[in-house]
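*Asks:* Supplied in structure tokens, the structure appears directly below.
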Amino acid sequence: MDIRKEHPQYKKALRALQTGGSLPPAIKIQGNKANPQYQRIGRSLKQMFPNRRVIEPFGGASGLSLGMRPERSVLMDINPDLASFHQRLIRDPESLEFDPEEFTYQAGDSVMMPNQQTGEMMDLGKIPQSMVDDMGGKPFFMGPKFYELRQEFNELREKEAIGVIAQSERQRKDQLFLVLQHMAMNGLLRYSPSTPSYFNKWNSSIRFTGNKPIDQGFESAYFDMMGDQPNRLKPGKGNTFRPQTLLGGKGRWKLDPWAEVMQNWEYINRPLDEQLSSDIGIDPADDMFLLDPPYLGEEGALNFFTMDDQRKTLAMIEALQSNAFPTVVFNSFEPAIVDPMKQMGFDIHELQRKETSGGKGAVRGKKSELMGMANIDQDIFQNVWDQMG
């Protein structure tokens, strides 16, 4: 759970800003292309194409563009939460700042948690002074805070969906998205139903590593209020009711390094079928494309990005290749993706990455993935890659 008294990537981002290096994404999502391998790819491409505008049809957390750091970038994503957050990050980063102590408990605060079946907020009682003393007087939080914030976030998203949200509420919504994604298990981005939409609930789960005993008073109050209703939580298990102190240094969460790098970028909420619309005015002499779609057969893509969507993506990249756009594509190293791209004339590279989406270490490990390149001189890329080592 990365809610600390400073953005966990701030120092790294500030150092990269000052040295000209690759920035990590400002928001935590699984598969965000933040590790050194992808950043090295980005720096290599920047050296080869220093003046190109980068277009990312699957913008996500902006990891590929932040790795490359072009002067101009157009990012697109079907996910309205990602688009809204990044639009605010580009135009008004100060409005995303917060003091993480806002999301902690103090003596006398009510511990609120939504009923899993009805969504009604339940008051589990107030934080006693003895609990604060037991935590050494330091700011602390528990799992109910995550579920309280998740409920608030989804209520604001419902207002956005029907067009009755105030500007201050939209600001709060974007801020909560940043907070909750850093609290969520492995940065997984989940909706119920599964398609990203303001009409579907953000449904990610908490990642929690508390080592204090479960607070039996709040846990008992929760299960008493739930009664016989279906409940995925079990008494005496898990970390939902374990208090945990706030980690990290002092200060507010700030995002100025990202805003400075992204000041001439755009981030558009746009579905797959509309991503090459004429309003962005693509030009093979000026633009290049980086594509990182949901991976075929992997957890994040299984329920909402179908095989038909994969075929549409293949059709898009074939059009880009045939029209001489420098193009880089990432996906699963699966025959259904690799074979068509070979037939299109892409240069195929097999990369290795660490799988982190599973909840248990036993289901994680190294996985092969595809990096396909078109209209990019491979000898020059290899030479630049070697220089970056």
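The values are calculated or read from the model by the stated rules, or taken from the named source; none is laboratory data. Note that the coordinates shown come from a computational prediction; the quantities given were computed from them, not determined experimentally. Reconstructed Cβ throughout: ideal geometry from the backbone, glycine too, with neighbour counts over all protein chains shown.
*Asks:* Out of everything in region 159-177 that is surrounded by 15 or more Cβ atoms within 10 Å (Cβ to Cβ) and hydrophobic (A, V, I, L, M, F, W, C), what residue ends up being farthest from PRO144 (Cα to Cα)?
*Replies:* The residue in question is ILE165.
*Asks:* I need the full set of residues from region 14-52 which are more than 26 Å from LEU176 (Cβ to Cβ) and in a loop (DSSP other than H, G, I, E, B), in order please.
*Replies:* GLY20, GLY21, SER22, ASN35, PHE49, PRO50, ASN51, ARG52
*Asks:* Still on this model: Since ASP81 meets every condition but one in (1) under 27 Å from ASN203 (Cβ atoms); (2) acidic (Asp, Glu); (3) surrounded by fewer than 19 Cβ atoms within 10 Å (Cβ to Cβ), which condition does it not meet?
*Replies:* Going through the list (1) under 27 Å from ASN203 (Cβ atoms); (2) acidic (Asp, Glu); (3) surrounded by fewer than 19 Cβ atoms within 10 Å (Cβ to Cβ), ASP81 breaks only (3).
*Asks:* Assess whether PHE146 counts as being within 20 Å of the chain's Cα centre (by Cα), under 18 Å from ALA83 (Cβ atoms) and part of a helix (DSSP H, G or I).
*Replies:* So PHE146 fails the test.
*Asks:* Please determine whether any residue of region 109-119 is in a helix (DSSP H, G or I) and among the acidic types (Asp, Glu). If you could, list the steps in order and put the result at the bottom.
*Replies:* Of the residues in region 109-119, the ones in a helix (DSSP H, G or I) are none.
There is no residue in region 109-119 that is in a helix (DSSP H, G or I) and among the acidic types (Asp, Glu).
*Asks:* Right, here's the next one. Taking the options ILE90, ILE55, name whichever one is in a helix (DSSP H, G or I), in contact with a helix residue (DSSP H, G or I) (Cβ under 9 Å, 6 or more places away or on another chain) and touching a residue at least 60 places away in the same chain (Cβ under 8 Å).
*Replies:* Criteria check complete, one pass: ILE90.
*Asks:* For region 215-239, enumerate the residues that are at pLDDT 90 or above, within 22 Å of ASP133 (Cβ to Cβ) and either touching a Cys at 6+ places or on another chain (Cβ under 7 Å) or in a loop (DSSP other than H, G, I, E, B) (or both).
*Replies:* Matches in region 215-239: ASP215 only.
*Asks:* I'd like the full set of residues that are among the aliphatic types (A, V, I, L, M) and buried (at least 21 other Cβ atoms within 10 Å of the Cβ), limited to region 35-49.
*Replies:* ILE41, LEU45, listed by residue number.
*Asks:* Right, next: GLY137: small (Gly, Ala, Ser), in contact (Cβ under 8 Å) with a residue 12 or more places away in the chain and not in a helix (DSSP H, G or I), yes or no?
*Replies:* Values: small (Gly, Ala, Ser): yes; in contact (Cβ under 8 Å) with a residue 12 or more places away in the chain: no; not in a helix (DSSP H, G or I): yes.
Judged against the criteria, GLY137 is not a match.
*Asks:* So which residues in region 178-208 are crowded, with 18+ Cβ neighbours inside 10 Å, over 11 Å from the mean Cα position of the chain (by Cα) and within 18 Å of ASP77 (Cβ to Cβ)?
*Replies:* TYR191, PRO196, TYR198, TRP202, SER204
*Asks:* State all residues of region 244-285 that are touching a strand residue (DSSP E or B) at 6+ places or on another chain (Cβ under 6 Å) and either at pLDDT 95 or above or in a helix (DSSP H, G or I) (or both); if no residue qualifies, say none.
*Replies:* TRP265, GLU266, TYR267, ILE268, ILE280
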